[in-house]
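Novice: Take this structure, written in structure tokens, and hold onto it; I'll ask about it next.
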Amino acid sequence: MAPTEPILRLRNICKSFGRIEVLRDVTLDVHAGEIHALAGENGAGKSTLMNIIGGIHQPTSGEIVLRGAQAEIRSPLDAQDHGISLVHQEIALCPDVTVAENVMMSSIARSRAPFVNRARIRRQAAETLRLLTDIEPDTILGKLSISNQQLVEICRALNSDCDILILDEPTAALTQSEADALFAILRQLRAKGMAIIYISHRMSEIYGLCDRITILRDGRLISTDPVSAISPGEVVHRLIGRRLDAMYPAKAAVAGGDVLLSARDLSDGRKVRGVGFDLRKGEILGIAGLIGSGRTELLEMICGLRPRVAGTVSLEGGEGFAPALYARSVSRGVVYLSEDRKTNGSFQTLPIAFNISSLRLSQVATRLGLVNRRKEAAQALALGRRLNLRSAGIHQNVSELSGGNQQKVAIAKLLSVDPRIVLLDEPTRGIDVGAKAEIHALLRELATAGVGVIVVSSELSEVIGLCDRVLVLAEGRLSGMLEGEELTEGNVVRLAAGPARPTRNDEARRG
Amino acid sequence: MDRDETLTPGSGTLRGAVPRAVARLLRMREGMLLLIIAVLFVGMSFASPHFLTWGNMRAILMSFSTEGIVVVGMTILIIVGGIDLSVGAAMCLAMVVAGKLFLVGMNPWLAGLIGVGATGLAGFVMGLFVTGIGLGFFITSLAFLGLLRGLCFIVTEGTPLSLFTLPPSFKFIGQGNVYGVPVVILIFLVVAVVGDFLVRNATVFRRVIYVGSNENAANYSGINVRRVRLWTTVLCSSLAGFAGIIFMSRLGVATPTFGIGSELNIIAAAVIGGASLSGGKGSVLGAILGIGLLSLVTSSMILLNISIFWQETIRGLILLAAVSVDHLVNRHR
Ligand SMILES: Nc1ncnc2c1ncn2[C@@H]1O[C@H](COP(=O)(O)OP(=O)(O)OP(=O)(O)O)[C@@H](O)[C@H]1O
Ligand SMILES: [Mg+2]
């Protein structure tokens with residue numbers, strides 16, 4: 001890095017929330033024209049640090065130097081005036097207005113004109129959107145899937161004219177192709193001299209995109225290095241304080257146990273068209289596909305969260321399974337983890353213990369229908385320990401947890417009912433490498449113990465590293481099923497891109 | 001509600017524990033209200049010789065006991081994310097329906113039961129509009145406020161029903177005493193204590209909290225959101241009807257204008273007590289303390305010879321102060 005004055009310099013930043021100390025003495029320099037990775041475990045304080053730069057939180061002590069001058073960033077609007085733009089980890093948009101208005105939010109907020117020029121806003125928004133996606137600018141934001149909302153959030157930041165861009169886990173909800181498009185844009189911006197801070201739990205992104213990497217642990221600065229000067233193993237070591245033997249657990253020894261769940265010709269009349277598959281005992285079945293390919297809809301249709309138009313599902317031993325309500329599905333042991341943990345997966349204003357017990361309250365209730373607080377607490381403690389949950393106690397509100405720990409609460413909630421089959425939509429979204437390995441190990445353990453496990457994931461390496469077989473969807477249709485040797489990134493991407501083309505094996509068989 | 005937490009592990013020494021316990025109590029809405037009420041109490045005992053008498057205490061308790069029953073229902077409805085502007089009219093409806101039936105010769109107990117049933121039914125229909133059609137609570141209950149009040153006028157043909165012929169056994173509810181304590185107060189205490197206990201502990205009401213906290217997440221937890229909303233609405237209306245019947249027994253008359261404006265007092269009490277209009281949060285005990293505080297202030301003003309015209313203004317100021325303090329305290333946490 002050229003020995004120029006950094007555009008942004010954080011000096012000895014400390015931050016506490018009440019009694020909880022979150023950042024201790026963090027110092028960070030960011031230069032124009034670099035992509036600076038910020039890595040750390042869940043709860044390390046990355047988002048808090050970025051929220052301080054973005055004017056959402058005020059540091060308890062320490063100073064911020066912007067372009068050589070000491071600065072105070074009092075509000076998000078203040079941050080914008082300083083040329084800072086932040087893509088939030090959790091989507092922070094207005095659900096009730098159009099995509100275009102969301103993208104143009106900052107210029108609308110700053111405009112002095114008395115009326116909103118809709119035509120101009122729509123045109124400008126459409127231009128920015130086109131860089132990344134084909135979302136219609138006139139759609140109401142709340143109608144979009146979480147991944148598309150994430151894209152809109154990114155477009156909003158790209159649109160506000162800034163020279164410091166902060167991205168807090170922007171790709172957590174994106175699939176490979178959208179992420180690649182984003183990386184191309186970020187590289188262009190870097191070439192134009194923008195300073196970019198990039199938070200991610202994915203090693204491949206840190207090494208493929210970033211110039212320097214700063215590592216936080218427990219709110220303290222561990223190190224800042226050029227990415228080229230540090231090995232991935234060392235990064236992981238510094239992140240979690242121990243070495244990881246393997247990123248993914250070993251795959252199932254013998255595939256092909258009894259069929260636990262079998263779906264035939266499932267259609268929801270809109271997104272999913274005639275999909276069928278078998279889930280076998282002992283395996284982890286992956287579902288891959290692009291955004292909008294119907295992965296979430298497929299899972300929701302199985303467990304009664306979305307009406308089926310056609311098709312059947314049967315469980316082990318051929319018993320029919322067509323729950324009209326999700327509650328029926330839960331009572332038969334088929335549970336679902338939503339991809340959107342903030343909106344669907346958690347009660348943000350309630351304590352951890354209340355969240356975990358919510359799926360089957362009767363388990364922690366007395367015969368008279370009263371909640372047994374002691375049982376409820378014991379349940380939360382046990383599951384929290386099993387998942388290595390980090391919190392100030394089971395009475396802490398979920399909104400105060402880091403993103404990854406919120407996800408663990410959502411998973412703990414599913415496990416609380418001892419499920420027969422778990423349908424997981426992006427189970428490791430936003431989860432750090434260490435915890436991710438723990439969750440993978442947990443899923444493998446469940447599968448080995450005979451629980452059916454289906455995992456939707458947008459992260460290619462996860463789909464390939466974790467799953468025994470992978471079903472690929474393209475535009476709501478089954479585009480292919482990959483296993484063994486055929487399970488490669490190239491094959492998944494190819495199948496996800498378009499209608500089923502024969503895999504090499506098929507050709508070989510035919511030829 | 002979500003703050004009655006036990007000490008988190010490792011939270012310090014014994015010496016720090018007592019002030020911290022006090023600080024925690026004050027952070028809870030109930031604690032703060034208790035403190036304010038205590039201060040008012042002490043102040044008033046010095047300011048007026050008539051304040052600290054059994055007669056005055058009883059009068060204050062009586063003044064909010066019956067409305068207090070409705071406050072319990074309103075708090076629960078606010079926790080689920082709703083609101084009901086029609087409770088004043090519902091109280092009146094129960095009263096005039098029961099009164100009318102009694103006057104045409106029905107047994108007063110049965111008539112009372114039917115009165116409560118009528119408000120429960122009104123709540124059910126209102127709930128259907130909210131959960132079935134998807135209208136907002138505010139607008140729907142505003143419409144029902146007009147509707148039910150109109151019904152009261154229709155039933156009574158606009159004139160008060162005189163019910164002095166009610167049998168003594170029925171009048172006992174509203175006018176009787178047990179060991180010198182009015183039955184009205186006893187009924188209120190039972191409803192309040194049971195309500196507070198159930199909201200904190202019953203699974204049924206835990207679902208109410210889930211729905212109020214996040215409707216989507218409740219749905220993804222297998223909770224039937226519509227059903228929870230519907231029955232909470234019915235509960236609130238029925239409690240209003242129950243209060244109406246007690247008033248009927250107490251006053252011996254059923255007036256078609258009874259309870260106009262009382263919904264505002266009731267909602268204010270719930271909010272002062274810590275209920276959040278965005279749902280998911282609220283405390284029955286807090287709401288009871290809230291309505292107690294409002295009544296205490298009113299009766300103090302009377303004792304201090306402050307013009308009754310100030311009453312509404314001061315009520316507004318208390319509400320404003322309570323909500324502001326809550327907002328500031330939570331922002332800095
Ligand atoms: N408002 C708050 N009140 C109390 N504690 C908080 C609050 N916000 C965050 N924390 C705590 O601060 C710590 C750091 O949180 P932060 O969100 O910065 O983590 P993170 O590094 O971004 O993690 P993740 O990778 O999971 O997103 C966590 O332990 C969290 O519980
Ligand atoms: Mg974060």
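Novice: Give me the orientation-averaged projected area of the Cα convex hull of the range A:224-319, in nm², one decimal.
Specialist: Answer in nm², one decimal: 9.9.
Novice: To the nearest 10 square angstrom, what accessible area does A:L478 show with a 1.4 Å probe?
Specialist: Answer for A:L478: close to 70 Å² accessible.
Novice: Using a 1.4 Å probe on the protein heavy atoms, what percent of the accessible area of the range B:54-332 belongs to carbon and sulfur?
Specialist: That fraction is 72 percent.
Novice: Of A:S228, A:G55, A:Q149, which is farthest towards the positive pole of the range A:8-240's charge dipole, taken about the Cα centre with +1 and -1 on the beta-carbons of Lys, Arg and Asp, Glu respectively?
Specialist: A:G55
Novice: I would also like to ask the following. Debye sum, Cα scatterers, the range A:8-240, no solvent: what log₁₀ I/I(0) at q = 0.08, 0.11 1/Å?
Specialist: Debye intensities relative to I(0), on a log10 scale: -0.29, -0.55.
Novice: Average partner chain C-beta neighbours within 10 Å, per residue of B:203-209?
Specialist: Mean inter-chain Cβ contacts per residue within 10 Å come to 5.
Novice: So how much accessible surface do B and A hide from each other in total, probe 1.4 Å, in square angstrom to the nearest 100?
Specialist: Rounded to the nearest hundred, the buried surface is 2600 Å².
Novice: Sorted by mean Cβ packing within 10 Å, highest first, what order do the peptides A:422-428, A:273-279, B:252-258 take?
Specialist: Listed from highest to lowest mean packing, they are A:422-428, B:252-258, A:273-279.
Novice: Follow-up question, since we're still on this one. Give me the one-decimal nm value for the distance between modelled label points at A:R328 and A:R386, 7 Å along each residue's Cα-to-Cβ direction.
Specialist: Distance between label points: 2.7 nm.
Novice: Now, a different point. For helix A:433-448, what angle does its Cα long axis make with the longest principal axis of chain A, in degrees from 0 to 90 and rounded to 10?
Specialist: 0 degrees
Novice: Measuring with a 1.4 Å probe in the full set of protein chains, what accessible area per residue, in whole Å², belongs to the range B:54-332?
Specialist: Heavy-atom accessible area per residue stands at 40 Å².
Novice: Mind checking which lysines have their Cα closer than 25 Å to the Cα of B:K171? Skip sequence neighbours fewer than 8 apart in that chain.
Specialist: Of all the lysines, those that pass the test against B:K171 - Cα under 25 Å, at least 8 places apart if same chain - are B:K100.
Novice: When you look at the Cβ of every residue in A:325-333, what mean number of other chain Cβ atoms sits within 10 Å?
Specialist: Neighbouring Cβ atoms belonging to other protein chains average 2 per residue here.
Novice: Once the Cα atoms of helix A:403-415 and of chain A are each reduced to a long axis, what angle between those two axes, in degrees from 0 to 90 to the nearest 10, is obtained?
Specialist: The angle comes out near 10 degrees.
Novice: Sticking with this structure for a sec: Ignoring ligands, DNA and RNA, what accessible area per residue does the range A:1-103 give at 1.4 Å, in Å²?
Specialist: 41 Å²
Novice: In whole Å and largest first, what semi-axes does the C-alpha gyration tensor of the range A:295-416 yield when each eigenvalue is scaled by 5 and square-rooted?
Specialist: 28, 18, 12
Novice: A further question follows. What size of dipole, in debye to the nearest 20, comes out for the range A:126-202 about its Cα centre when the only charges are +1 on Lys and Arg C-beta atoms and -1 on Asp and Glu C-beta atoms?
Specialist: The calculation lands at about 220 debye.
Novice: Could you give the C-alpha radius of gyration of chain A expressed as a fraction of 2.2 N^0.38 Å, taking N as the number of residues it contains?
Specialist: 0.99
Novice: When the helices in the protein assembly as shown are scored as -39500 (n - 2.57) per DSSP H run of 4 or longer and the sum is shared across all residues, what 222 nm value do you end up with, to the nearest 500 deg cm²/dmol?
Specialist: Theoretical 222 nm ellipticity from helices: -15500 deg cm²/dmol.
Novice: Sticking with this structure for a sec: Tilt of helix A:118-132 relative to the longest C-alpha principal axis of chain A, in degrees (0 to 90, nearest 10)?
Specialist: 70 degrees
Novice: Any idea what Rg and Dmax come out to for the range A:132-204 if you just take the C-alpha atoms, in Å?
Specialist: 12.4, 36
Novice: Please report, to one decimal in angstroms, the Kirkwood hydrodynamic radius of the range A:41-103 built from all distinct Cα-Cα pairs.
Specialist: 13.2 Å
Novice: When the dipole is taken about the Cα centre of the protein assembly as shown, and only Lys, Arg (+1) and Asp, Glu (-1) are charged at their Cβ, what size is it in debye, to the nearest 20?
Specialist: That gives the protein assembly as shown a dipole magnitude of about 1560 debye.
Novice: Now for a separate question. At 1.4 Å probe size, with the rest of the protein present, what percent of the exposed accessible area of the range A:365-426 is carbon and sulfur atoms?
Specialist: Carbon with sulfur: 50 percent of the solvent-accessible area.
Novice: Suppose a student asked you for the relative contact order of chain A, using Cα pairs under 8 Å spaced at least 6 residues apart; what percent would you report?
Specialist: Reported as a whole number, the value is 15 percent.
Novice: What helices does chain B hold that run 20 Å or longer along their axis, going by alpha-carbon atoms, with a Kyte-Doolittle average of -1.0 or more, using DSSP H for the helix calls?
Specialist: Helices meeting the span and hydropathy rule in chain B are B:29-47, B:54-79, B:87-103, B:108-128, B:137-156, B:183-201, B:225-251, B:284-303, B:310-331.
Novice: I would also like to ask the following. Going through the range A:308-348, which GluC sites (Glu not before Pro) have at most 11 other Cβ atoms within 10 Å and a DSSP loop state?
Specialist: Passing sites in the range A:308-348 are A:E319.
Novice: Can you give the mean number of other chain Cβ atoms that lie within 10 Å of the Cβ atoms in peptide A:356-369?
Specialist: Whole-number average of other-chain Cβ neighbours for A:356-369 is 4.
Novice: Past 21 Å, Cα to Cα: identify those pairs from A:K375/A:K436; A:K413/A:K436; A:K408/A:K436; A:K342/A:K408; A:K342/A:K413; A:K46/A:K408, in the order given.
Specialist: A:K375/A:K436
Novice: Round to a whole number: what % of the accessible area of the range A:8-240 belongs to carbon and sulfur, probe 1.4 Å?
Specialist: Ligands and nucleic acids excluded, carbon and sulfur reach 49 percent.
Novice: Continuing with this model, one more query. Counting Lys +1, Arg +1, Asp -1, Glu -1, what net charge surrounds A:M247 among other residues with beta carbon under 10 Å of its beta carbon?
Specialist: Net of charged neighbours comes to -1.
Novice: I would also like to ask the following. Can you pull a Stokes-Einstein diffusion coefficient for the range B:54-332 at 25 °C (0.890 mPa s), Rh from Kirkwood over Cα pairs, as a whole number of µm²/s?
Specialist: Answer, rounded: 128 µm²/s.
Novice: Test of understanding: given chain B, find the longest segment containing no GluC sites (Glu not before Pro) that are in a DSSP loop and have at most 16 other Cβ atoms within 10 Å.
Specialist: B:158-333
Novice: Using each residue's phi in the range A:64-75, evaluate 6.51 cos²θ - 1.76 cosθ + 1.60 at θ = phi - 60° and report the 3J(HN,Hα) Karplus result to the nearest Hz, with x for Gly and Pro.
Specialist: Computed from phi, the couplings for the range A:64-75 are 10, 10, 10, 6, x, 10, 5, 9, 10, 10, 8, 8 Hz.
Novice: Note down the accessible area of A:F321, probe 1.4 Å, to the nearest 10 Å².
Specialist: 0 Å²
Novice: Same structure, new question: Grab the other residues whose beta carbon is less than 10 angstrom from that of B:I78, score K and R as +1, D and E as -1, and report the net.
Specialist: 0
Novice: Along the three principal axes, how long is the range B:275-333 when you take its alpha carbons, biggest first, rounded to the nearest angstrom?
Specialist: For the range B:275-333, the Cα spread along each principal axis is 40, 22, 17 Å.
The values are calculated or read from the model by the stated rules, or taken from the named source; none is laboratory data. This structure is a prediction, so every number in the text was calculated from the model and none was measured. Cβ atoms come from the backbone with ideal geometry, glycine included; neighbour counts cover every protein chain shown. Note: areas computed on protein heavy atoms with side chains; ligands, DNA, RNA excluded. Shrake-Rupley method; radii C 1.70, N 1.55, O 1.52, S 1.80 Å.
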